[in-house]
Amino acid sequence: MVINMNKYRHLSEEELQQMSFDWRFRGFTQIELLTELEVDEINEELNKLRLERNSAEPEKWQEYEPFMYPHKLSDKLAKLFSHPKIIEACEFLMDGEVVGMQTWAYFKPKGELGRDQHQNGFYTGCGHNEIINIALALDNHDPENGSVWNYEGSHRLPVLPMEDNEERKATNTSNWRSERGISCVMPEGHDFRKVNGYLKKGQVALLHSHVVHGSDPNKDTTRMRRNFLAGYLKKGAYFRAGNQMKREPIDIYELRQKHWGE
Ligand SMILES: O=C(O)CCC(=O)C(=O)O
């Protein structure tokens, strides 16, 4: 693929070539973003927000429940959400301008269950390749601590039918209902390869709207698995607000200007 490098300031040609290949054939890709020290600062900030939330409403929150829209409460996280390299990657992969959609943070301590297999497009109702969800690894992620796995190439599938499992549903927390108990059904006899996830602390995974993915329980006895997640929509594309996330387009270029001066 010939890439017009004049358009890109934050991604190298090698990164763009790799991303282009991954997007075409795999449905997920990853880039380097932060140093370990920078991630430590993000972890500190998220931990502070989580503890404040929990102590403000102890009846409502379990210790490690996901945190919705943390960027709204923290300039540090708003800066991360509008990171120029992430925006550039999303513009490249969706071929156009983007708006911000959502942020949240996951804290997966040992023993925490994973998330059932799903396509993000099912929840947001977006068209093919019209939303990208990213996950910044705040620890090293691997199968032992329950990393996200993907069915390679499954982004070429349409939105799949969903199947309920009442027993799994009961494992959700009362404030975060979409983790378990509703999973997509893969086509019978499919031969998509399940690819385990490995991310180093500070790397970012980008997921195509339709790639089928999920995560396993954290079986590690000592390590957490935390991540900062964000969604970026192709400008003008349809999306569903959702009962839980109540999505609204966020002007990510305004945030980038404020925090990065570009
Ligand atoms: O990190 C996880 O356990 C799951 C993340 C995920 O599935 C998603 O962001 O759509």
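Among the residues making up segment 19-35, those that are part of a loop (DSSP other than H, G, I, E, B) and either out of contact with any strand residue (DSSP E or B) (no Cβ under 6 Å at 6 or more places or on another chain) or closer than 12 Å to residue 228 by Cα (or both) are 26, 34, 35.
Output the number of residues of segment 196-211 satisfying the condition of being farther than 13 Å from residue 133 by Cβ and crowded, with 18+ Cβ neighbours inside 10 Å. Can you show your working first?
Narrowing segment 196-211 to residues farther than 13 Å from residue 133 by Cβ: 196-203.
When the remaining residues are screened for being crowded, with 18+ Cβ neighbours inside 10 Å, the result is 197, 199, 201-203.
The number of residues fulfilling the criteria is 5.
Could you list, in sequence order, the residues of segment 179-201 that are in contact (Cβ under 8 Å) with a residue 60 or more places away in the chain and either touching a strand residue (DSSP E or B) at 6+ places or on another chain (Cβ under 7 Å) or closer than 20 Å to residue 155 by Cβ (or both)?
Going residue by residue through segment 179-201, those that are in contact (Cβ under 8 Å) with a residue 60 or more places away in the chain are 179-184, 186, 195, 199-201.
Passing the criteria: 181, 182, 183, 184, 186, 195, 199, 200, 201.
If a residue must be of a type in the set (S, T, N, Q) and either over 19 Å from the mean Cα position of the chain (by Cα) or more than 25 Å from residue 227 (Cα to Cα) (or both), how many such residues does segment 36-55 contain?
Here is the first cut: in segment 36-55, the ones of a type in the set (S, T, N, Q) are 43, 47, 54-55.
After this cut, where a residue has to be either over 19 Å from the mean Cα position of the chain (by Cα) or more than 25 Å from residue 227 (Cα to Cα) (or both) as well, the list is 54-55.
Qualifying residue count, segment 36-55: 2.
Only residues that are out of contact with any Lys or Arg (no Cβ under 8 Å at 6 or more places or on another chain) and farther than 15 Å from residue 211 by Cβ were counted across segment 115-161, and they come to 4. For segment 102-144, the candidate set comprises residues that are more than 21 Å from residue 31 (Cβ to Cβ) and among the polar types (S, T, N, Q); within that set, the residue that is surrounded by the fewest Cβ atoms within 10 Å (Cβ to Cβ) is 117. For segment 141-158, filtering for residues that are within 14 Å of the ligand (Cβ to nearest atom), assigned to a loop (DSSP other than H, G, I, E, B) and more than 20 Å from residue 113 (Cβ to Cβ) leaves 0.
Consider segment 120-140 and keep the residues that are more than 10 Å from the ligand (Cβ to nearest atom) and either part of a strand (DSSP E or B) or without any contact (Cβ under 8 Å) to a residue 60 or more places away in the chain (or both). The one that is nearest to residue 88 (Cα to Cα) is 132.
Scanning segment 72-95 for residues that are free of Cβ contacts under 8 Å to residues at least 60 places away in the same chain and part of a helix (DSSP H, G or I) turns up 72, 76, 91.
For residue 242, indicate whether it is within 16 Å of the ligand (Cβ to nearest atom) and on the phi > 0 side of the Ramachandran plot. Yes; evaluated as a whole, the condition is true for this residue. When only residues in segment 154-181 that are buried (at least 19 other Cβ atoms within 10 Å of the Cβ) and closer than 30 Å to residue 57 by Cα count, which is nearest to the chain's Cα centre (by Cα)? Filtering first and then ranking leaves 179.
Throughout, read-outs are computed from the coordinates displayed, never taken from laboratory work. Everything quoted here is computed from the prediction, not taken from an experiment. Quick reminder, even Gly has a Cβ in these numbers, built from the backbone with ideal geometry, and neighbours come from all protein chains shown.
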